[in-house]
Amino acid sequence: SWDGEGSAERWWQTNHTDQGVVEEMMSKAIRSVAGGSSDAAAWNALFTYFNQQHGRGARGYQVGERVAIKINLTTCNARSGTSTVAIDGSYEKRSSIMNTIDNSPQMLRSLLRHLVYQAGVPPANISLGDPTGNFPQYLWNMLHPEFPDVQYFDNYGQAGRVRTEFSNVPF
């Protein structure tokens, strides 16, 4: 329920997306992909399948393993430097592009909730961000309070974010 890019309100504000509906969508999506009688069972099935496909045996998530979530922050692309996000302090997305759509913070919150509360992944073992983008303040403000131990990453690594670096180690 948003009036579009020219609106004075921001598309990502909580009055435009019902978090309860998002939670239901996430639950239905996970269960439809993996099956199971509960969200926890579906996540266990997903992790078990992944581990089997990668030669780790028929086992679910094990504490200590890390989960990396690469999101798409195209409108916050770091190649544009500070023309998209004010990395000099506020980390706010520039007002001229504030209503261009990135990842839904409500959907990301639901994904984190599922990983932590249903799959049993400790928040400190989760990394979330875009190595080619800047992690804008509006996302930080909506995710970090509930999940302060998640490692949020971007191309600059300022204001609590972790900077991504090139590596010779294969993913």
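Brief remarks follow.
- Scan of region 47-103 for residues that are under 20 Å from the mean Cα position of the chain (by Cα) and basic (Lys, Arg), ordered by number: 66, 70, 93
- In region 14-55, the residues that are open to solvent by 70 Å² or more (accessible area, probe 1.4 Å), farther than 30 Å from residue 141 by Cα and assigned to a helix (DSSP H, G or I): 32, 33, 49, 50, 52, 53
A quick yes/no check of all residues on (1) hydrophobic (A, V, I, L, M, F, W, C); (2) assigned to a loop (DSSP other than H, G, I, E, B); (3) open to solvent by less than 10 Å² (accessible area, probe 1.4 Å):
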residue	(1), (2), (3)
75	no, no, no
88	no, yes, no
102	no, yes, no
107	yes, no, no
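- Criterion violated by residue 88 - all others in (1) of a type outside the set (Ser, Thr, Tyr); (2) under 30 Å from residue 159 (Cβ atoms); (3) in contact (Cβ under 8 Å) with a residue 12 or more places away in the chain satisfied: (3)
- Residue, nearest to residue 26 (Cα to Cα), within region 109-144, restricted to residues that are of a type outside the set (A, V, I, L, M, F, W, C) and assigned to a loop (DSSP other than H, G, I, E, B): 120
- Where residue 63 falls short, out of the listed (1) within 27 Å of residue 24 (Cβ to Cβ); (2) at pLDDT 85 or above; (3) surrounded by fewer than 18 Cβ atoms within 10 Å (Cβ to Cβ): (1)
- Reported count of residues in region 1-13, each being open to solvent by less than 40 Å² (accessible area, probe 1.4 Å) and not aromatic (Phe, Trp, Tyr), is 2.
- Residue in region 110-119 that is of a type in the set (Phe, Trp, Tyr) and either in contact with an Asp or Glu (Cβ under 6 Å, 6 or more places away or on another chain) or over 26 Å from residue 48 (Cα atoms) (or both) present: no
- Considering residues of region 123-171 that are among the β-branched types (Val, Ile, Thr) and surrounded by fewer than 20 Cβ atoms within 10 Å (Cβ to Cβ) only, the residue nearest to residue 89 (Cα to Cα): 162
- Candidates 147, 153, filtered to the one that is in a loop (DSSP other than H, G, I, E, B) and under 25 Å from residue 84 (Cβ atoms): 147
- Extreme residue, farthest from residue 106 (Cα to Cα), among residues of region 148-168 that are among the aromatic types (Phe, Trp, Tyr) and in contact with a Lys or Arg (Cβ under 8 Å, 6 or more places away or on another chain): 156
The values are calculated or read from the model by the stated rules, or taken from the named source; none is laboratory data. Just so you know, these numbers come straight off a predicted model, no measurement behind them. For neighbour counting, all protein chains shown are included, and Cβ atoms are generated from backbone atoms with ideal geometry for every residue, glycine included. Surface areas here come from the heavy atoms of the whole protein model, side chains and all, with no ligands, DNA or RNA. Shrake-Rupley method; radii C 1.70, N 1.55, O 1.52, S 1.80 Å.
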